[in-house]
Amino acid sequence: MQNDYDILIIGGGINGAGIARDAAGRGLKVCLAEKDDLAQHTSSSSTKLVHGGLRYLEHFEFRLVRESLIERERLLSLAPHIIWPMRFVLPHDKGLRPKWMLRLGLFLYDNLGGRKLLPGTKEVNLREVPHAAVLKDRLTHGFEYSDCWVEDSRLVVLNCMDAKERGADIRTRTECIALDRRKDVWVANLRDQDGKEERIIARNVVNAAGPWVDKVLGRALPGEPHENLRLVKGSHLIFPRLFKGDHCYIFQNRDDRIIFAIPYERDFTLVGTTDQLFKGDPAGIDISPEEATYICDAANEYLRTDISPEQAIASYAGVRPLYENNAASNSTVTRDYQFELDKGEDGPKNGTAPTMLSIFGGKLTTFRKLAEHALEKLDIHGSAWTAEVALPGGDMPVQEFGNRLAQLQMQHDWFPSDGMHRLFRAYGTRVDTIFKGATSLDDLGAHMGGDLYEAELKYLVRHEFACTADDVLKRRSKLYLHLALEEQALVAQWFENTDLTAIASGD
């Protein structure tokens, strides 16, 4: 039957996307339903790092750190266009963590995960260029180590692209409004953005709804208490570039937390994040004045030139759906993932009982392993495969990015070089699809502003599930930071006046 699936996945964040890709690649019939756009909430509101989690060592989460460090280099190899190495500078500040503790932690960080591609830790003199001009005079010594940057929203989208190419049914702006467990299947009611409803059946349900996971549980299993989450809000500020160089700073706070100051989108610096207990609707949240002040005050302990919330040109906030382990503070709640498997009152019968797997917590870096473990929990057979197969556009060696970009720029020397760098960073080897048949800028269709042309919008609609200007400008790219308001309005008008269904179908 057309509406008969092996797995229904509720939630189009990184966990749901990763499971959809893995399951589809094993030959299962998969449906993913996301009530909004892919990565619209938590998975586009991160600090955008693929990292081991240096501070998790303090909480003795060695398994999580080791798994994250292994995945860090693996993901770098699978998607070198949207993930790239970054050096992090950690100043030592008297009265906080002593040097021996930082040195020991970084030694473990360098060696727990079998590091091969990334350079190791070294000590740095903060009174030398470039740090002396950025940091306060009292900071004289620090450490420099490696982690990776990731385009978080694109990581989600690429997983869903690959899942679709392997047969998965990816439905954005489609909410699961009812779940009913029958003898051997789940019956689910899905409603799209136009109000059209459809009933589907699935042998397994994966509840990857992030901040709404308890809500979905309540819908599927009414009459039972569902309070598994601690919602922790994290917010970030975006400033005009605060310092030169491609390195990031990681600052220790007096409350034992840390914040990052990260080069962002060439012209900006991203500063954050916060850990604030959150109550209420996780949709459409924004940074609070208290959080903005906290971020600036923490950064100003280190930066030579003070920053203030009024100087920020943008901000964003998201809610982390962490598993409630009754930790004393929000910053020490585990970032590890937890599963809850429900097989019904009678348990499995002949292996046909319809199960629900709910996912709590997790982080960008470990999504691929989480997906493998989720399918194991569901007793899904088939070989694990995602560790070796590149994500769309990532089919090139990590070391080849620069050479491939140079070749692309020579091949299309009529396209702006900065724009080509942006496109290759976003789409990798799939950029050829955007340029197919084009020999001049005129061949790319209407110009929206900057280096954005209609050909790219059509690609995003046809291949990346884009339906609105925000899908493009805020999630699949960060062009809202670079385009003037009137140029962003042109993109919105294009979406309003274009037959997206025809483009998505390839017409």
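The values are calculated or read from the model by the stated rules, or taken from the named source; none is laboratory data. Remember, it's a predicted structure, so these values are computed and weren't measured experimentally. Positions of Cβ are backbone-derived with ideal geometry, glycine not excepted, and every protein chain shown enters the neighbour counts. For accessibility, only protein heavy atoms count, side chains too; no ligands or nucleic acids. Shrake-Rupley method; radii C 1.70, N 1.55, O 1.52, S 1.80 Å.
Overview of values
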| item | result |
| --- | --- |
| 1.4 Å probe accessible area per residue over segment 353-507, in Å² | 44 |
| When segment 371-507 is reduced to its Cα atoms, the Kirkwood hydrodynamic radius in Å | 16.8 |
| FRET E, pair Lys279, Asn403, Förster distance 41 Å, beta-carbon r, rounded to 0.05 | 0.20 |
| Charge dipole magnitude, Cβ of K and R +1, D and E -1 - segment 1-115, Cα centre, debye nearest 20 | 640 |
| Computed over segment 1-57, Kirkwood Rh from alpha-carbon pairs, angstrom | 13.1 |
| Percent breakdown of C-alpha pair distances by 5 Å bin, ordered from the shortest bin, for segment 435-507 | 3, 17, 29, 26, 19, 6, 0 |
| Helical contribution to [θ] at 222 nm, DSSP H n ≥ 4, -39,500 (n - 2.57), averaged over the chain, rounded to 500 | -8500 deg cm²/dmol |
| For segment 20-72 versus segment 175-235, the gap between their alpha-carbon centres in whole angstrom | 20 |
| Isotropic mean projected area of the C-alpha convex hull, segment 82-179 (nm²) | 11.4 |
| Straight-distance crosslink candidates among lysines, where the alpha carbon sits under 22 Å from Lys183 and sequence neighbours closer than 8 are dropped | Lys29, Lys343, Lys349, Lys377 |
| Fraction of accessible area attributable to carbon and sulfur, the chain (%, probe 1.4 Å) | 49 |
| Per-bin percent of Cα-Cα distances, segment 134-192 [5 Å] | 4, 11, 11, 11, 13, 11, 7, 6, 5, 6, 7, 5, 3, 1 |
| Stretchable slack from Arg63 to Arg138, in nm (0.36 nm times residue separation minus alpha-carbon distance) | 23.4 nm |
| Rh by Kirkwood over Cα pairs, then Stokes-Einstein D for the chain at 1.567 mPa s and 4 °C, µm²/s | 54 |
| Compactness relative to 2.2 N^0.38 Å, alpha carbon Rg of segment 128-167 | 2.23 |
| Label point distance in nm, Leu490-Trp100, each placed 7 Å from Cα along Cα→Cβ | 6.2 |
| In nm, spacing of pseudo-spin labels at Asn300 and Met396 (7 Å Cα→C-beta vector) | 4.4 |
| Probe 1.4 Å - accessible area at Ser505, Å² to nearest ten | 80 |
| Coordinate range along principal axes, alpha carbons of segment 354-421, Å, largest first | 56, 24, 21 |
| Pair-distance profile P(r), taking every C-alpha pair of segment 1-113, with 10 angstrom steps and integer % | 11, 30, 31, 18, 8, 2, 0 |
